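A short write-up of the structure that comes next.
Read the figures in this text as sums done on the coordinates, not as results from a lab. Keep in mind the model is a prediction, meaning the values are calculated, not measured. Positions of Cβ are backbone-derived with ideal geometry, glycine not excepted, and every protein chain shown enters the neighbour counts.
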Amino acid sequence: MGKKGKIIDIIMAVIMSLAIGALATFLARRGKSYEELQHMPLAGMLIKGLIESVVLGVIVILIFPIGKWGKALADKVKVHPPGIKFSLINAIPYTLVNTTVVGGILSFINIMKAHGEMPDPKPPLIMMWLRSQALMFPVTLICSYILAVILAPVIVGLVIGRPGGPGRPEETDK
């Protein structure tokens, strides 16, 4: 992937990570008692969540060739940019990786920290994490997909200077 393709991926990772990090912070606070919320100040939780999410999101986008996966998937089903069909297909890898890898790792880290601070007897760590994932995964998956479908054509238009979605690999290499 060319320089512009990597720039597009990094911008997507940062914006999606900010949005999903903020959403996950609010979902984690939902249903907590007043006493529990006193130990979890919103500003601190939000800033920490956003920083962790962006750092991990950028690391993941640098490791996994998500942009290439999106283009390969679109080629496989024979849809090409510009167009809504291309955006809908191209968003699938961004969504799945962002939600499963980034969201899963961050929630595990935060659940592990909370588990370590709990008094005995405490529930098994894996059960706490699975419960958290069951509550957050569907919401973050849907929001991440909608965000990827909307953002990708806009970001590509800004980086490449051409609206309508990512071009063929040879176009993004320029």
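For the subset of region 131-146 comprising residues that are surrounded by 12 or more Cβ atoms within 10 Å (Cβ to Cβ) and among the aliphatic types (A, V, I, L, M), which member is nearest to the chain's Cα centre (by Cα)? Spell out how you get there, then give the answer.
Of region 131-146, the ones surrounded by 12 or more Cβ atoms within 10 Å (Cβ to Cβ) are 131-133, 135-137, 139-146.
In the following step, the residues that additionally are among the aliphatic types (A, V, I, L, M) were identified as 135-136, 139, 141-142, 146.
Values: L135: 16, M136: 12, V139: 12, L141: 8, I142: 11, I146: 11 Å.
Of everything passing the filter in region 131-146, L141 is nearest to the chain's Cα centre (by Cα).
Looking at (1) crowded, with 16+ Cβ neighbours inside 10 Å; (2) in contact with a Ser or Thr (Cβ under 6 Å, 6 or more places away or on another chain); (3) over 16 Å from P93 (Cβ atoms); (4) touching a residue at least 40 places away in the same chain (Cβ under 8 Å), can you tell me which one G57 breaks?
With (1) crowded, with 16+ Cβ neighbours inside 10 Å; (2) in contact with a Ser or Thr (Cβ under 6 Å, 6 or more places away or on another chain); (3) over 16 Å from P93 (Cβ atoms); (4) touching a residue at least 40 places away in the same chain (Cβ under 8 Å) applied to G57, the lone miss is (3).
Output the residues belonging to region 124-155 that are of a type in the set (S, T, N, Q) and within 21 Å of A13 (Cβ to Cβ).
Going through region 124-155, the residues of a type in the set (S, T, N, Q) turn out to be 132-133, 140, 144.
Q133, T140, S144 - these are the residues of region 124-155 that are of a type in the set (S, T, N, Q) and within 21 Å of A13 (Cβ to Cβ).
On the given criteria, is K78 assigned to a helix (DSSP H, G or I), basic (K, R) and within 25 Å of P153 (Cα to Cα)? Full working, then the answer.
Values: assigned to a helix (DSSP H, G or I): no; basic (K, R): yes; within 25 Å of P153 (Cα to Cα): yes.
Judged against the criteria, K78 is not a match.
If I ask for residues that are charged (D, E, K, R) and closer than 25 Å to E117 by Cα, which ones from region 1-58 would you list?
So the first thing to find is which residues in region 1-58 are charged (D, E, K, R), and the list is 3-4, 6, 9, 29-30, 32, 35-36, 48, 52.
Within region 1-58, R29, R30, K32, E35, E36, K48, E52 qualify.
Condition check: more than 19 Å from S17 (Cα to Cα), surrounded by fewer than 17 Cβ atoms within 10 Å (Cβ to Cβ) and in contact with a helix residue (DSSP H, G or I) (Cβ under 7 Å, 6 or more places away or on another chain). Does V77 satisfy that? Don't jump to the end; show me each part of the working.
On the way: more than 19 Å from S17 (Cα to Cα): yes; surrounded by fewer than 17 Cβ atoms within 10 Å (Cβ to Cβ): yes; in contact with a helix residue (DSSP H, G or I) (Cβ under 7 Å, 6 or more places away or on another chain): yes.
Yes.
Of (1) in a helix (DSSP H, G or I); (2) closer than 17 Å to I155 by Cβ, N110 satisfies all except one. Which?
(2)
Taking the stated definitions as given, is E52 closer than 17 Å to L135 by Cβ and either within 16 Å of the chain's Cα centre (by Cα) or in a helix (DSSP H, G or I) (or both)?
Numbers: closer than 17 Å to L135 by Cβ: no; either within 16 Å of the chain's Cα centre (by Cα) or in a helix (DSSP H, G or I) (or both): yes.
So E52 fails the test.
Would you please name the residue that is surrounded by the most Cβ atoms within 10 Å (Cβ to Cβ), looking only at residues in region 97-130 that are under 9 Å from the mean Cα position of the chain (by Cα) and aliphatic (A, V, I, L, M)? Step through it out loud before you land on a result.
Keep residues of region 97-130 that are under 9 Å from the mean Cα position of the chain (by Cα), which gives 97-103.
Keeping just the survivors that are aliphatic (A, V, I, L, M) gives 97, 101-102.
Numbers: V97: 21, V101: 17, V102: 28.
That would be V102.
Please find, among G44, G31, the residue that is at positive phi and surrounded by fewer than 14 Cβ atoms within 10 Å (Cβ to Cβ).
Working: G44 fails: at positive phi.
One residue alone meets the criteria, G31.
Any idea which residue in region 68-96 is farthest from D9 (Cα to Cα), counting only those that are among the small types (G, A, S) and over 16 Å from the mean Cα position of the chain (by Cα)?
Initial filter on region 68-96 (among the small types (G, A, S)): 70, 72, 74, 83, 87, 91.
Pick out the ones that are also over 16 Å from the mean Cα position of the chain (by Cα) and you get 72, 74, 83, 87.
Values: A72: 15, A74: 16, G83: 19, S87: 14 Å.
Here the answer is G83.
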